């Protein structure tokens with residue numbers, strides 16, 4: 001999970017408040033200390049952490065709970081709001097909308113070229129005709145890398161690897177790409193913002209006249225993201241940040257809060273290596289998942305992308321454990337497209353706390369399960385109670401596997417069904433508790 005350590009610590013604190021019959025000052029002080037430790041371990045600025053927790057304390061005792069919320073529920077709401085503000089919720093990121101020219105800037109090793117491809121794929125899925133331009137004439141094979149990425153996502157790439165002038169490359173490429181809805185420029189990077197880079201970026205900025213200038217920053221910079229963002233902002237004026245590698249560092253909290261403190265909105269986050277591991281950053285939903293509240297809206301959207309139009313009540317049926325082996329087969333097909341099961345479960349209430357060994361669903365294992373189910377009859381797929389010893393042996397022979405593997409599938413099916421039912425119950429109680437939380441994700 002993204003910021004797994006931070007999320008687990010915060011969820012523990014939330015549970016302590018949620019389970020308390022009455023939240024007194026001692027209980028809140030203990031929870032606040034846990035929150036402070038968790039945020040500091042995620043490299044969030046000390047001053048910001050203590051300012052945030054002071055806000056929680058003062059609001060908890062000074063504010064009168066809104067009608068319909070108990071004191072305990074109101075404190076939970078305050079904790080959620082203050083953490084959201086600290087981790088990027090101060091400045092609202094505007095949608096890219098009909099922006100036609102986007103330039104990505106950043107230092108070496110930030111994942112800028114890969115991010116160009118991810119952003120292009122994201123915009124292409126919205127029905128836009130997208131083109132990529134490589135103006136990085138410094139890094140060896142930069143054009144070839146972007147070209148390969150473009151081929152993988154079926155997006156054309158323009159550039160000239162033989163030309164040493166980034167400005168000349170841009171001018172020529174713009175003529176070729178003028179028929180596209182959106183043009184994304186991949187600029188060169190450096191280890192630091194030196195004079196050469198500054199001069200080049202200013203020229204490109206003037207020629208391209210980008211409507212969106214997005215800074216790509218790796219999350220593992222932590223608090224060091226602040227001076228980097230400040231430097232680029234002073235140089236060309238950035239409109240937002242794309243935070244990469246958020247899934248592979250414990251310092252992501254520091255990078256998130258650093259951008260927030262500069263009033264620079266975080267527009268997207270990279271959460272994996274695949275082109276689809278990229279999403280618009282919504283602070284409320286992000287913090288909601290950290291706190292274990294899930295993000296059912298995103299889950300429904302992701303499900304629709306894979307399976308077509310799916311009504312929310314179908315997702316709710318899944319949460320009730322209302323499905324047979326045929327449904328499991330379809331879900332496994334979808335999971336193979338949706339990505340690791342762990343990431344899917346994070347979108348469900350308290351799904352982030354499921355032990356890793358219970359979500360051991362590798363591609364190889366999913367393929368094995370599908371072969372086993374291919375050897376079942378329709379009646380067996382619809383009613384797993386029919387699967388006695390002789391039927392299990394027949395299925396194992398037909399699938400070319402062992403009886404033990406068939407039983408492992410059935411065990412996984414029953415465990416998943418039980419787990420989904422538990423999520424459904426948790427969702428109901430969370431909805432009831434958070435019914436007056438304005439904008440609370442998944443609620």
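The values are calculated or read from the model by the stated rules, or taken from the named source; none is laboratory data. This structure is a prediction, so every number in the text was calculated from the model and none was measured. For neighbour counting, all protein chains shown are included, and Cβ atoms are generated from backbone atoms with ideal geometry for every residue, glycine included.
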Residue check, residue 102 in a strand (DSSP E or B) and either more than 11 Å from residue 184 (Cα to Cα) or touching a residue at least 12 places away in the same chain (Cβ under 8 Å) (or both):
yes
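From the list 224, 213, which residue is surrounded by fewer than 17 Cβ atoms within 10 Å (Cβ to Cβ) and touching a helix residue (DSSP H, G or I) at 6+ places or on another chain (Cβ under 9 Å)?
Values: 213 fails: surrounded by fewer than 17 Cβ atoms within 10 Å (Cβ to Cβ).
Checking each option against the conditions leaves just 224.
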Scanning the range 41-55 for residues that are under 16 Å from residue 260 (Cα atoms) and without any contact (Cβ under 8 Å) to a residue 12 or more places away in the chain, the one surrounded by the fewest Cβ atoms within 10 Å (Cβ to Cβ) turns out to be 47
Considering only residues that are without any contact (Cβ under 8 Å) to a residue 12 or more places away in the chain and in a helix (DSSP H, G or I), look in the range 398-410 and name the one that is surrounded by the most Cβ atoms within 10 Å (Cβ to Cβ).
408
Counting residues that are without any contact (Cβ under 8 Å) to a residue 12 or more places away in the chain and either in contact with a strand residue (DSSP E or B) (Cβ under 7 Å, 6 or more places away or on another chain) or under 30 Å from residue 260 (Cβ atoms) (or both), which helices (runs of 4 or more DSSP H) fully inside the range 114-220 reach at least 1?
195-208
Just one of (1) modelled with pLDDT of 90 or more; (2) on the phi < 0 side of the Ramachandran plot trips up residue 96, so point out which.
(1)
Taking the options 372, 332, name whichever one is farther than 30 Å from residue 13 by Cα, crowded, with 17+ Cβ neighbours inside 10 Å and modelled with pLDDT of 95 or more.
372
Of the residues in the range 227-248, how many are over 14 Å from the mean Cα position of the chain (by Cα) and without any contact (Cβ under 8 Å) to a residue 40 or more places away in the chain?
9
Scope the range 230-264; condition closer than 20 Å to residue 186 by Cα and assigned to a loop (DSSP other than H, G, I, E, B); matching residues
237, 238, 239, 245
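Which residue, of 117, 109, 127, 88, is more than 18 Å from residue 253 (Cα to Cα) and buried (at least 22 other Cβ atoms within 10 Å of the Cβ)? Steps first, please.
Details: 109 fails: buried (at least 22 other Cβ atoms within 10 Å of the Cβ); 127 fails: buried (at least 22 other Cβ atoms within 10 Å of the Cβ); 88 fails: more than 18 Å from residue 253 (Cα to Cα).
None of the other options fit; the residue is 117.
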Name the residue that is modelled with the lowest pLDDT, counting only residues in the range 244-264 that are in contact with a helix residue (DSSP H, G or I) (Cβ under 8 Å, 6 or more places away or on another chain) and over 24 Å from residue 50 (Cα atoms).
248
